[in-house]
Amino acid sequence: RTVISDFTLALKRQEFEVYYQPILGYGRPDELKAEALLRWKHPQKGMISPAVFIPLAEEVGLIHALGDWCLKRVLQDQQKWQAEGLPCPVIAINTSAKQFTHDDVARKWLQALRDSGASSDQLVMEITESLLLQRQTEVLSQLRTLREAGIRIALDDFGTGYSSLSYLSAFELDYLKIDRSFVQGIVQNSKDEAVTDAIIAMAHKLGLEVVAEGVETLEQEEVLRRQHCDFAQGYYYARPMPEAQYREFIQKQV
Ligand code: G
Ligand code: G
Ligand code: MN
Ligand code: NA
């Protein structure tokens, strides 16, 4: 069997699942709430990490179907929470650059919102720096379309890869997610602390809100709060969890 048929079957058999990892607001507790993270529960191989299957899906062109599926599942979950009288948390969804360059992800998101009757401020789209590197007009126009429709954009993994400060002024963004590799050292290493401090101050001057990723200790939180970081995500607060567990998590917060 090929990877393609494996994948297609897996989608049909509902082997994928969306996990949710809470995002905590340090300043404004009522905005960003969780990140959707895909999981593949393979019947023979067990849990396969998205770090493994997302690159595969990109390679064989199935990232589009997977992205569509993930978006629809998140919208369905949000509808379910609302129907149960729970608050409807804003969910951030990851995207791959290929969804912009080999497809029209903006059109798909707007169509999915119309189909479900959901409001655009329920979603945040996470994009990667590699997408901005391309500086293609189609990419720019899709990002503009999304933002004009009220969908907020977060730049994920900031500080890794092709990092360039010019992105921050050249593109209309809403959130900056500081990669966990910087957060890791902020307590022990004064240089790492200086880097996050500078990123947060710069982001604020550009009108962006900052999410710190990979917060694992109270000491890290204390540094980030002192630096006026807006949001945080990490094992210190909660690990990514299945929908049923996340629903209980929301219930406890009501
Ligand atoms: O959940 P975990 O930390 O294992 O995720 C590993 C990587 O997979 C992260 O870089 C994350 O952004 C990516 N990822 C998870 N879910 C999705 C998704 O739905 N779409 C895309 N494009 N990437 C995802
Ligand atoms: O690339 P992206 O930021 O979308 O990926 C998020 C990844 O980070 C997921 O795979 C998630 O499981 C992982 N993650 C979330 N919180 C923590 C944390 O506190 N520590 C570590 N090491 N990984 C985390
Ligand atoms: Mn992400
Ligand atoms: Na990241």
(message) Which one, Gly67, Val211, Ser5, projects farthest toward the positive side of the charge dipole computed for the chain from Cβ point charges (K/R +1, D/E -1)?
(response) Ser5
(message) So if a site counts as exposed when it's one of the trypsin sites (Lys or Arg not before Pro), its DSSP state isn't H, G, I, E or B, and it has at most 10 other Cβ atoms within 10 Å, what's the longest stretch of the chain without one?
(response) 46-254
(message) Please list, by residue number, every one of the chymotrypsin sites (Phe, Trp or Tyr not before Pro) in the stretch 114-200 that is coil in DSSP and has at most 16 other beta-carbon atoms within 10 Å.
(response) Tyr162
(request) Any aspartates and glutamates with Cα under 17 Å of the Lys205 Cα? List them, leaving off those in the same chain fewer than 8 positions away. (result) Glu172, Asp174, Asp197, Asp230
(request) In debye, nearest 20, what is the charge dipole magnitude of the stretch 8-74 about its Cα centre with +1 on Lys and Arg Cβ and -1 on Asp and Glu Cβ, if you could check? (result) 280 debye
(message) Could you tell me the relative contact order of the stretch 1-124? Use alpha-carbon pairs under 8 Å, at least six residues apart, and round to a whole percent.
(response) 24 percent
(request) Please calculate how many Å² of accessible area the chain carries per residue, with a 1.4 Å probe and no DNA, RNA or ligand atoms counted. (result) 48 Å²
(message) Spelling out what I want: for every residue of the stretch 179-187, take phi, set θ = phi - 60°, compute 6.51 cos²θ - 1.76 cosθ + 1.60 (Karplus), and round to whole Hz; glycine and proline get x.
(response) 4, 5, 4, 7, 5, 3, x, 5, 7
(request) Note down the Stokes-Einstein diffusion coefficient of the chain in µm²/s, whole number, using a Kirkwood radius over alpha carbon pairs, 10 °C, and 1.306 mPa s. (result) 84 µm²/s
(message) Between Ile48, Ile178, Ile186, where does the largest GNM mean-square fluctuation fall for the chain, given springs only between Cα atoms within less than 10 Å?
(response) Ile48
(request) Please state the charge dipole magnitude for the chain, taken about the Cα centre, from unit charges on C-beta atoms (+1 on K and R, -1 on D and E), reported in debye and rounded to the nearest 20. (result) 620 debye
(message) Please report Rg (one decimal) and Dmax (integer) in Å for the Cα set of the stretch 110-248.
(response) 16.2, 49
(request) Taking amide H positions as placed in the peptide plane 1.01 Å from N, state which residues far from Glu35 in sequence (5 or more) or on other chains have amide H under 5 Å from it. (result) Gln21, Ile23, Ala92
(request) Would you calculate a helix-derived [θ] at 222 nm for the chain, using -39,500 (n - 2.57) for each DSSP H run of n ≥ 4 and dividing by the full residue count, to the nearest 500? (result) -14000 deg cm²/dmol
(request) Could you check how much of the accessible area of the stretch 29-77 is carbon and sulfur, as a whole percent, using a 1.4 Å probe? (result) 57 percent
(message) Suppose every Lys and Arg Cβ carries +1 and every Asp and Glu Cβ carries -1, with no other charges. What dipole size does the stretch 43-123 come out with about its Cα centre, to the nearest 20 debye?
(response) 100 debye
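The values are calculated or read from the model by the stated rules, or taken from the named source; none is laboratory data. Treat the numbers as computed from the prediction; the structure is a model and nothing was measured. Neighbour counts run over all protein chains shown; Cβ positions are idealised from the backbone, glycine included. Just the protein is used for accessible areas: all its heavy atoms, side chains included, with ligands, DNA and RNA removed. Shrake-Rupley method; radii C 1.70, N 1.55, O 1.52, S 1.80 Å.
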